[in-house]
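Read through the structure below, which is laid out as structure tokens, and then see the notes.
Taken together, the values in this text are just the output of simple stated rules run on the coordinates, not laboratory data. Nothing here was measured: the structure is a model prediction, and the numbers come from that model. Neighbour counts run over all protein chains shown; Cβ positions are idealised from the backbone, glycine included.
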Amino acid sequence: MSETRNPNMAGADGNLLPTRGVLSRLLVLAVAILLAGQIVVAWFAVTGFERVLEPQLEQKADVVGRAVSDQIAYAIDDLRIPPGELVGVDAFLDEVLGANADIRYLILRRPGGDILFARGPDPDELARVIAELPVLVEEPGMRTTIDDFVDGAFPIVVEGRTETILHVGVSGDYVRGRLSEVLFDVGTVILVSLLVAIEFLLFFVTVRVAAPLDRIETVLRRATRGGFADRLVLRSRDEIGRLANAANRALRSLRQRYDDFRFEAREIKEAQIDADVSAKVQGVVDRVESQFDFKKGEDVMMRSAMRIRIPLFLFMFSEELSRSFLPLFIERLSPPSATLSTELLIGLPITLFMLAAAAMTPIGGAMADRYGAARVFLMGVAPAVIGYIGTVFAQGYYDLIAWRALSAVGYGLIFIAAQAWVAENTDEKNRAQGMAVFVGAVFAATICGPSIGGIAANRIGYEMTFLISAGLALISGMIVYGMLADSKPRAGAAAPMTTRAAWTLMGRDPRLFAVTVFAAAPGKMMLSGFLFYLVPLYLAQLENSQSAIGRMMMLYGVATIALTPLAARFADRTGRHASVVGVGGLIAGLGCIFGAVAVSGSASVDAATTGVVAAIIALGVGHALCFTSQLALVQRAAAARGEEIGQASVIGAYRLIERLGTVLGPIIAGGFATALGYQNAMIGVGAVGVACIIAFMLVYRSAGRSRAPAPAGVS
Amino acid sequence: MTGVMRRFALTALLMAAHVAPVAAQPTTTDPFHIFAVLWRGETDVEDGFREYLQQRGIPFELTIRNLNLDRANAPPIVEEIRQVKPDLVYTWGTGTTSSILGKIGADTFNDIPGVFTLVAYPQAAEIVESFETPGRAVTGVAFLPPIEAQLNTIKAYRPFETIAVIYDATAGNSRLNVAELRETAPALDLNLIELPVPPGADGRPDPSTLPALVAQAKAEGAEVLYMGPDSFLTRHAQAYTAAAIAAGLPTFASTQAPLKSSRAMFGLVTDYHTLGKLTGLQAERILIEGRAPADIPVARLARYKLWINVDVVREIGMYPPMNMIGIADFTTSVGAQ
């Protein structure tokens, strides 16, 4: 253990997270038990649903069959219209089919078998059914199974004579579709609840157990080497707190005994007449004092970067909840406009949100330096919550923009405050791990938010889901309120980066320029333009349910979380960060293009949805490759500059310009969508991404040739 | 004309409804005196009107006079109203309203408020200045369904392309109605054939020409006949619709009378009873809320009834589409064979 290391910051092995031992075993065990329990409960729920759904569908077919046959009976019997001369029956039956998704066909036939009217979406299917209709119908509502349909037959009897028979077909497909929808929802909930459970376990285990134990260990190790002056500052009163108190008491009692010893030694020394003896006694006292430290210890605090993880996760979760339906919600409130297309009107509030959030980051950074991270986090919670509640009650397009902008102010502040917390609670050595705490919370939220938000919106509506967001944001604020005392302003932090300064920096280094402008910014453009904007709108147009949309968007987060560590390890091992960024950018861009092109010939809604899903996964994979490697390239560029500019400034400039991509994304995608429709807008956005990444590769390569190779090993 | 409609050679029919308990204040126990002038006797409108006032607990006393289809009967009734000074004058139909309450600018009864009902075009007939602010001590209820709704109903029954209107060109209501048709029909892809009834020797439209006009409409390609708020045609509706059925042409009516009393095939009409209740609401606004009629907008019903005469349907063999069967009111012919 290095003597220079700050004992407040991290454990003996330098890790912020518990990586081995009892704690990680506890985590694995807890997750396994949770998973097993959830699967059992889910199995019961799904089989129960199956049992309930089928009879309900049959009952519904019965109700519809009776209502339709009653109306036809009225026409034939009361109005005495001959069955063959009924007018507008096709339109009438289509109306019934349109209003009942579970009913697949309606057929009106004579008892002899002649078909009078037959409606259903697929003529071939209809012909097959007609060929197999039961000849004899004994009682109204009689059920037969034809192919994959349950057929209900309803005779229409006039004066004791069966005039016609109505057949109502319920599709087994529909039952299965509903069932798989429920299965997907259940699976999503299991996945998300596991993630949340892991988040909380990790949080408690780290903050409440691992970090304090680590501090206690630090103090005891120092005692082993003779340092008895440290004091553990720990507020908790649990077992760990008692252990820390016991250690404190042991050290205090040692210090007390040392004082007693010194007193006695002085007494003995002064009682001696012989100067030699007196000097010997003093020698013993001096030796003890030089070998042991009873005075110059410090207060060992329980600081941990991890503490921000749960509040940050909850807040990001609250914002991600609306991810899968925000464009659709905006669309509902969009006014007709002569100057802007609906597509652009939908994109505008998203862009303004990103812009407001980006504008808050330099301000938030300065505020965090001045007031401390926790205070700024709290300052962000207030506008965010008010913005959410305002959104719940938004009356029109323009006040919606205002409420969203208010939420964006909170979002921007909290985004920066969380990073500032990490900076406050880490040092140079474990800052990267600290940032992993930050990124981990954000990623977990990108998985949980869209999927749970989609399910919630499906069941309780868009507005109520925003109310959940407000609640989550409020809880995150309450947790951070408890952290206020431990958040101290940092002195002498770097001045915030201005846009102009950022561009100047970029202009000086073509490689930095290439990474930032041609790789990172287009990546963010695709994220906000494709995933945040196009995906919800296009998938809704393809008639996917809100929870299905959320689930599909979740795949982006799943892909990035699963692959980011692997990609980072691969890039670091081979040192080919630039190539990894290039490949990642190509996968993201080409995925978007092929996701649309491959299915553009097909009229099938399902095929088009599959294309979008493929593009979402490709985007996640591509971004997983890019994330850490882009940063490594930026750090390499900063290192090459040496002392000229600080690394923090370079990264600040990189982040600033990257955010411009996020801001522009919805507008670019909206522009494409206006001119070409959603499917072709995917191609457009992907093409921009591909063009930029090719530019990146060309510029990066040519800049590399014209200059000395960058120092290796920076990652 | 009709067996359904009640005809009274009316003297004064007094009806006092005491729903409100006897209260201390004489102003609330004294019934309001409403003086009603009708065109051709009582209809469901008056039933609805009475029912509304009774439901609301408004004490009233109704005096009823009848013009018996002739404006010449108006002056003595106007004189009587001037003498008895009722709290409210109620008039039925455009003819009655303009001959009793007069037109814009006239103050026949020295600020006794008037409420009219069953007037097709109150603004065009110069009874009020505008629908929003009548501008005189008179307000009321307009009753025609919007012309688009009428024509859409016709198109929904069958995709007709040519429609003929036979009408009394001497009546203001009819001329306004035809002008509206002329304006709206092209937008709904309907050709309009206009056939005014030619005048007879007395200068008034000649009912004997109706069968020939129907035949002419048929010859010119009409698939459906349109019957607007036309008093002349309503009076001769039996002969007119019989000629239409003989020619195999369906008749669409925009008022209730031809459907009730003759053999029009279908129509989009105002329910008279509901209309009467709406008139009662207007009366309440004037009598109880004390609002100035000049500022009470002319009211209109929001919903109309689709009537189909199933006997005529069968006779012509033009069955209604299934989608209409669920929403229509089916009637049978009065006096059908």
For region A:530-577 and region B:139-214, distance of Cα centres in Å: 64
Amide proton proximity set for B:Ala36, modelled H, under 5 Å, gap of 5+: B:Thr63, B:Ile64, B:Arg65, B:Tyr90
Shielding score for B:310-317, defined as the mean number of other chain Cβ atoms within 10 Å: 2
Between region A:276-332 and region A:367-389, the Cα center-to-center distance that results, in Å: 22
Sequence-distant aspartates and glutamates (8 or more away, or on other chains) whose Cα lies within less than 14 Å of B:Lys277: B:Asp44, B:Glu46, B:Asp47, B:Glu51
Angle between chain A longest axis and helix A:397-424 axis [Cα atoms, degrees, rounded to 10]: 30
Reachable aspartates and glutamates from A:Lys280, criterion Cα separation under 17 angstrom, eight or more residues apart if same chain: A:Glu264, A:Glu267, A:Glu270, A:Glu289
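Counting partner chain Cβ atoms within 10 Å of every residue's Cβ in A:79-88, what's the average?
Counting other chains' Cβ atoms within 10 Å and averaging over A:79-88 gives 5.
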Cα-based shape type of region B:133-267, given that a ≥ b ≥ c are square roots of the gyration tensor eigenvalues and the cut on a/c is 1.5: oblate
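Counting chymotrypsin sites (Phe, Trp or Tyr not before Pro) as exposed when in a DSSP loop with at most 16 other beta carbons within 10 Å, what is the longest stretch of chain B free of them? Kindly include the intermediate steps, with their values, before the conclusion.
Values: sites that count: B:Phe8, B:Phe131.
Longest gap between qualifying sites, sites excluded: B:132-337.
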Computed [θ] at 222 nm, helices only, for chain B once each DSSP H run of length n ≥ 4 contributes -39500 (n - 2.57): -9500 deg cm²/dmol
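Any idea what the alpha-carbon Rg over 2.2 N^0.38 Å comes to for region B:39-171?
Numbers: Rg = 17.2 Å, N = 133, 2.2 N^0.38 = 14.1 Å.
In units of the 2.2 N^0.38 Å rule of thumb, it is 1.22.
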Peptide ranges A:622-635, A:364-377 listed from the most packed, as the mean C-beta count within 10 angstrom indicates: A:622-635, A:364-377
Helix axis angle, A:605-641 relative to chain A longest principal axis, alpha carbon, degrees: 20
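Rg/Rh for region A:445-591 to two decimals, with Rh computed the Kirkwood way over all alpha-carbon pairs.
Details: Rg = 20.0 Å, Rh = 19.0 Å.
Radius of gyration relative to Kirkwood radius: 1.05.
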Angle between chain A longest axis and helix A:373-392 axis [Cα atoms, degrees, rounded to 10]: 10
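Loop sites only, by DSSP: take the GluC sites (Glu not before Pro) in chain B that have at most 14 other C-beta atoms within 10 Å and name the longest stretch containing none of them. Let's see the in-between values first.
Values: sites that count: B:Glu132, B:Glu161, B:Glu220, B:Glu289.
It works out to B:1-131.
Give the residue list of trypsin sites (Lys or Arg not before Pro) in region A:198-291 that are DSSP loop and have at most 16 other beta-carbon atoms within 10 angstrom. Walk me through the numbers on the way to the answer.
Values: sites: A:Arg208, A:Arg215, A:Arg221, A:Arg222, A:Arg225, A:Arg231, A:Arg235, A:Arg237, A:Arg242, A:Arg249, A:Arg252, A:Arg255, A:Arg257, A:Arg262, A:Arg266, A:Lys269, A:Lys280, A:Arg287; in loops: A:Arg225, A:Arg235, A:Arg237.
In loop regions of region A:198-291 (DSSP not H, G, I, E or B), the sparsely surrounded trypsin sites (Lys or Arg not before Pro) are A:Arg225, A:Arg235, A:Arg237.
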Region A:437-452-region A:176-238 distance, computed between alpha-carbon centres (Å): 17
Helical contribution to [θ] at 222 nm, DSSP H n ≥ 4, -39,500 (n - 2.57), averaged over chain A, rounded to 500: -24000 deg cm²/dmol
